[in-house]
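Scroll down for the structure; my scribbles are underneath it.
Since every read-out is calculated from the coordinates, none of them should be taken as a lab result. Because the structure is a prediction, the values reported are computed rather than measured. No Cβ is skipped: glycine too gets one built from the backbone with ideal geometry, and neighbour counts run over all protein chains shown.
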Amino acid sequence: MDITLKQFKVVSTLEALSFLVLLGIAMPLKYIWEMPQMVQIVGMAHGILFILYVLGAYFMKEKLNWPMTTFGIVLLCSVVPFGPFYAEKKYL
């Protein structure tokens with residue numbers, strides 16, 4: 001499988017946005033207004049995008065010859081709100 005830089009940037013942006021929607025919209029709907037359906041939908045989409053992000057980061061590591069520290073930082077950015085935006089600006 002070969003992923004282009006442009007494809008990884010798209011996945012990175014979508015993953016970041018899905019995480020923000022999950023935290024900022026879906027979770028409050030579930031816990032404040034007792035509407036758990038949004039978490040199921042957004043959570044599933046975010047989970048798939050997260051897996052694609054991690055796989056894409058690995059392929060970018062190979063393609064761009066990142067050291068393990070850069071790869072680790074890019075992976076860490078996937079679990080921090082706004083993190084993928086930082087990784088995209090700094091390492092891509």
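The residues of segment 19-44 that are in a loop (DSSP other than H, G, I, E, B) and surrounded by 11 or more Cβ atoms within 10 Å (Cβ to Cβ), listed by number, are Met35, Pro36. Figure legend. Inter-residue proximity from segment 74-92: first residues within 13 Å of Val10 (Cα to Cα), second residues assigned to a loop (DSSP other than H, G, I, E, B), beta-carbon distance below 7 Å, spacing 6+ or different chains. Indicated pairs: Pro84/Ser78. Taking segment 45-90 as the range and being among the hydroxyl-bearing types (Ser, Thr, Tyr), closer than 22 Å to Gly24 by Cα and part of a helix (DSSP H, G or I) as the test, the residues that pass are Tyr53, Tyr86.
Looking across Ile25, Ile48, one residue alone is free of Cβ contacts under 8 Å to residues at least 40 places away in the same chain and under 10 Å from the mean Cα position of the chain (by Cα). It is Ile48.
Would you mind stating whether Ala16 is among the aliphatic types (A, V, I, L, M), more than 16 Å from the chain's Cα centre (by Cα) and surrounded by 18 or more Cβ atoms within 10 Å (Cβ to Cβ)? The answer is no for Ala16.
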